Structures are given as C-alpha cells and as structure tokens.
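Some notes on the structure that comes next.
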Amino acid sequence: MTRGDIMALFARRQEAMLRRDAAALMADYAEDVVVESPSAGTVKGREANAQVLRAWWSAFPDQVNLEEDLIVDGDRAAWLATLAGTDLGGFMSLAPTGKPFRIPVVFLFTFDDRHIVHERRIYDFTGMLVQIGVLKAKPA
C-alpha cells in the first residue's frame, strides 16, 4: 500500500468508528489478521476481532477515539490517540460502574498490499480498570 492508500484507509476507519460499523472496520483487515491487545490478548481472524470490537462497544457505548497523530513508514503505521468512554454496559462480564476513563493509546499496524495483517495495541489497561472502578489503586 502507498502512503496515500494508508492515509485514506485511516480516514475511512475513523468514519466507520463513528458509525459503529464493525463490518467496514473488518474489511480493512486481512482474513487471517493478528491483533494483540492488553484487554483481549492475541486475537486471530476478522470475525474474532469483530466480536472483540462489538463487546468493547457494548461495554463503552459512548467510546470515542481522539486521533492525535498518524505516522506512516513504508508498510507500517503508528496511530497515536486518546481513547475515552464510560462503563455503561459492563466490561468483562462485570456490572457497569458508570465511571469514565481516558487513556493514551498507540496502535502499531503492518500492511500487505491491501489489508492490515498485524495490529498491536499499547495502552495502560490496569490504569483504565482503575479509572472505571474495577480495580482499586494502592494509596501512595
């Protein structure tokens, strides 16, 4: 993919995220994509990743991705953003806490000639769980 192709893909992805369109987002992934994340572990394949995405949106229906920067280098990209939302649907099969979270995230992507073949998500999962009240932080 060219730099322009990758930039266009991310513009489409941002629109699809706003619409909560899992099918449109999954169309950007290779059939055998591998996604690594702190919350879901290593997930292989489009459908499995669509299930993770739907579960996330169910737990955090007001989730927003505030894009800060997109760095493209050859067949790789780094997406820096802030992820925010409120635990309104219950996360990880727990009762909803009604508490918000806001965390910086970095997603690293690798592309083949048409799709995302690998994605690694980096964020403070423990910090997010503390913010939504699932974990308690030790006093300083």
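The values are calculated or read from the model by the stated rules, or taken from the named source; none is laboratory data. Values in this document were obtained by computation on a predicted structure and should not be read as measured data. Counting neighbours? That spans all protein chains shown, and the Cβs are built from the backbone with ideal geometry, glycine included.
Please state which one of 117, 72, 35 is within 13 Å of the chain's Cα centre (by Cα) and part of a strand (DSSP E or B).
35
Quick one: is residue 5 in a strand (DSSP E or B) and either at pLDDT 95 or above or out of contact with any His (no Cβ under 9 Å at 6 or more places or on another chain) (or both)?
Working: in a strand (DSSP E or B): no; either at pLDDT 95 or above or out of contact with any His (no Cβ under 9 Å at 6 or more places or on another chain) (or both): yes.
It is false that residue 5 is in a strand (DSSP E or B) and either at pLDDT 95 or above or out of contact with any His (no Cβ under 9 Å at 6 or more places or on another chain) (or both).
Counting only residues that are loosely packed, with under 15 Cβ neighbours inside 10 Å, within 18 Å of residue 104 (Cβ to Cβ) and touching a residue at least 60 places away in the same chain (Cβ under 8 Å), how many does the stretch 63-80 have?
Qualifying residue count for the region: 0.
Cβ-Cβ under 6 Å, sequence separation 6+ or interchain: first residue in the stretch 119-135 and under 16 Å from residue 89 (Cβ atoms), partner exposed (fewer than 15 other Cβ atoms within 10 Å of the Cβ) and not aromatic (Phe, Trp, Tyr). Which pairs?
Here the result reads 129/135; 132/99; 133/99, each pair linking the stretch 119-135 to a residue that is exposed (fewer than 15 other Cβ atoms within 10 Å of the Cβ) and not aromatic (Phe, Trp, Tyr).
Only one of (1) surrounded by 14 or more Cβ atoms within 10 Å (Cβ to Cβ); (2) over 26 Å from residue 29 (Cα atoms) fails for residue 98. Which number is that?
For residue 98, the exception is condition (1).
Hey, among 91, 107, 101, which residue is modelled with pLDDT under 95 and either more than 15 Å from the chain's Cα centre (by Cα) or aromatic (Phe, Trp, Tyr) (or both)?
91
Going by what's in this entry, would residue 83 be described as closer than 18 Å to residue 6 by Cα and either surrounded by 15 or more Cβ atoms within 10 Å (Cβ to Cβ) or in contact (Cβ under 8 Å) with a residue 40 or more places away in the chain (or both)?
no
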